[in-house]
Amino acid sequence: MFERLHNGPNGSLSIRFGVTAADQSLSSLSNFAVGLAAARVAGAAGLGVYALVYAVWLVLASMHRSLITDPMAIENDLHQPDAARRVRTGLAAELWLGLAAAVGFAATGVIMLAVGQHQFGLGFLCLSPWLPCLLAQDYWRWVGFMSAKPKKSLVNDIVFDTIQATVFVLLYVAGAHTSLIAVWAWGVGAAGGALFGLFQFKVRPTLRGGIELVVRRWRLSRWLVAGNLTSTATNQSTAVLTGAFLGPTGIGGLKAATSLMAGPALVLVQATGSIGLPEASRALHERGWPGLRRVERLVTAVGVIGVAMIATVIFCFGHWILVNVYGPSFGQYAGAADVLALAGIVTSTSLGAILCLKATRKGHLILPATTAAVAVSVVTAVLLIPPYGVMGAAVATLIPSSFRTVGLLASHWAWSRKSAERMHRELQEESASLPARAAVAPPPPSPAQPAPAGSVER
C-alpha cells in the first residue's frame, strides 16, 4: 500500500499540491466556521474561550509534528519496505503523546478553576479527553501527505468536519448555548476521523514501540521541537497575553482580526509545508542542492504570492467582512487585521528557508531566530497591549515576525547549500560503494559445480 509513492496513480506534483491545498482549505474553513459559531452563540467572550483553547492546541500540534511526522518525512519512512510498520509505530507515538497531553490539559483546567477563571478552565477540561483523537486524526492527514496520497487526507477531513458540524447542530438544538459546544463537537469529530483513518490505512491501533520511536529519533527531532515550539510560542504568546490583559472579550477581538488572515493564509502555509517537506527531502536525496533549491523556490513563490493576494483583500474589505460576518461590534478591529495581514506577508518569505534547514538536518539553526523572537514577542506584548488593546497586540505580532524572518533567512543562506551538497555527496559515495563491495566479494560456488582444487568443504 505504501510503495511507489510518487508515481502512477498519485499524479504529478501540481495535482498533489492542488488536492493538498483543497484539504487545507477545508480544514481552515471548518476552524473558521467553529470560531464564528462560537462568536454567534456566546459573543466575543465565548470566542475568546475557544481561541485560547485552540491556541494551546496549536502548540501541541506543533509538538507532535516535530517529534513524529517531520522526522518521518525527513527520513523518508514511507519509502521504505517496512513502511506499514513505521506508520503503525508512528500512531503509537501519537497516542502516547495524546495521553500525556490529556493529563496536562486537565491539570491546567483544574488550576484555572481554582484561581477563578471558570470559562477558560472548563474549556481545557472539556478538551482534554479528546486530545489522543485529535492527534491521531491529524496524524492520518500527514500520513496521506507524506505518502503522496492527499486524497486520503481530504476524505478524512470531510468525515471529521461532517461529524463535527452534526454534533454542533444537535447540541445547539438541544439547548446548549455556550462556547463549550464548539469544543465538544471538535473532539467528537476528531474521534470519528481518527477511527476512519484506521480503516483508510489498514492499521491496527497499538501503543507498542511509540515511546521507543520518539527516543530513537530524539537527536533529530529535538531541534525541530525546540524550533517549532519557540516559533509557535511567538505566535501564541500574544494571544495568551491578550487574554491575560484584556480578558475573554479582548482575545475574542484578536481572534476575529487574526482569522481574516490566519485562516486563508494558513491554508497556503500548511499546504506548502505538508507537501513541501516530503518533496524537499526527496529532491535532496535524488538531485542534491539543485533539486532542493527548486522545491524551495516553488514553495516560497506560492506562499508569498498567495498570502499577498489575501492581504490585499483584507486591506480593501477587512472592515466590511468583520462587521458582516462576526457582527457590528467587531468592526473596530479592522486596523488590527491590516497589521496582521502585513505580518503574514513578512512571515511567508521564510517558508522555503525553513524547509531547506529541516531537509538538510540543520534544524538547530532555526532555534536562535525563533528563541529571540519569543523574547521580542513577550516584551512588545507587555509594552503595547495594555495601552493600545487589540491594535497593540497586532503590532506585537508584526515586530517579532519580522525579527524571526530575518534570522531564518540569514541562517539558510549561510548553511543550507553547504549541508545539501555534503549530504548528497555522501549518499552518492554510499551508493557507489555498494556495487564495488559486491564486486570484491566473489560469489559462492554453485552447488552444481565442484569446489576449486585445494579447497576444503565444510
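Starting from the Cα gyration tensor of segment 148-227, take the square roots of the eigenvalues, sort them a ≥ b ≥ c, and report rounded, prolate or oblate (rounded when a/c is under 1.5, otherwise prolate if a/b is larger than b/c, else oblate).
Working: a/c = 2.54, a/b = 1.80, b/c = 1.41.
Prolate, because a/c is 1.5 or more and a/b exceeds b/c.
With Cα atoms as the point set, segment 312-401 shows a radius of gyration and Dmax of 16.1, 49 Å.
Of Lys149/Lys362; Lys152/Lys202; Lys151/Lys255; Lys358/Lys418, which ones are farther than 23 Å apart at the Cα? If you can, show how the numbers build up before the last one.
Values: Lys149/Lys362 27 Å; Lys152/Lys202 12 Å; Lys151/Lys255 30 Å; Lys358/Lys418 14 Å.
Going by Cα-Cα distance, Lys149/Lys362; Lys151/Lys255 fall outside the 23 Å limit.
Compactness of segment 133-179, taken as the C-alpha radius of gyration over 2.2 N^0.38 Å, stands at 1.47.
Under 8 Å for C-alpha pairs, at least 6 residues apart: give me the relative contact order for segment 220-423, rounded to a whole percent. Walk me through the numbers before you get to the answer.
Values: 289 pairs, mean separation 67.1, N = 204.
Result for segment 220-423 is 33 percent.
For segment 157-207, the relative contact order works out to 45 percent when only alpha carbon pairs closer than 8 Å and six or more residues apart are counted. Taking one equal scatterer on every alpha-carbon of segment 220-423, how large is log10 of I(q)/I(0) by Debye at q = 0.15, 0.17 1/Å? Values returned for q = 0.15, 0.17 Å⁻¹ are -0.89, -1.08.
Arrange the peptides 115-121, 246-252, 408-414 so that the one whose residues have, on average, the most other Cβ atoms within 10 Å appears first.
Values: 115-121: 15.6, 246-252: 22.9, 408-414: 17.7.
The packing order, highest mean first, is 246-252, 408-414, 115-121.
Panel note: the C-alpha atoms of segment 126-281, placed on their principal axes, show extents of 43, 36, 29 Å (largest first).
Sort the following peptides by mean Cβ neighbour count (other Cβ atoms within 10 Å, averaged over residues), highest first: 303-315, 163-175, 366-378. Walk me through the numbers on the way to the answer.
Values: 303-315: 18.1, 163-175: 15.4, 366-378: 20.5.
Highest mean packing first, the order is 366-378, 303-315, 163-175.
Counting neighbouring Cβ atoms within 10 Å and putting the fewest first, the residues Lys152, Lys202 line up as Lys202, Lys152.
Among Ile385, Ile399, rank each residue by its count of other Cβ atoms within 10 Å, from fewest to most, as a rough exposure measure.
Ranked by crowding around the Cβ, least crowded first: Ile399, Ile385.
Hey, how many Å between the Cα centroid of segment 348-396 and the Cα centroid of segment 84-160? So the separation of the two Cα centres works out to 25 Å.
Packing-based ranking of 318-327, 351-360 yields 351-360, 318-327, ordered from highest to lowest mean Cβ neighbour count within 10 Å. Simple point charges give the picture: +1 on the Cβ of Lys and Arg, -1 on the Cβ of Asp and Glu, and for segment 220-423 a dipole about the Cα centre of about 780 debye.
Ranked by how many other Cβ atoms sit within 10 Å of their own Cβ, fewest first, the residues His364, His79 fall in the order His364, His79.
What full-extension length gain, to one decimal in nm, is calculated for Gln80 and Val169 as 0.36 nm per residue of separation minus the Cα-Cα distance?
Numbers: separation 89, 0.36 × 89 = 32.04 nm, distance 4.36 nm.
Length gained between Gln80 and Val169: 27.7 nm.
FYI, it's all coordinate maths here, none of it is from the lab. What you are looking at is a predicted structure, and each value in this text was computed from that prediction instead of being measured. Heads up, the Cβs are rebuilt from the backbone with ideal geometry, glycines too, and the neighbour counts pull from every protein chain shown.
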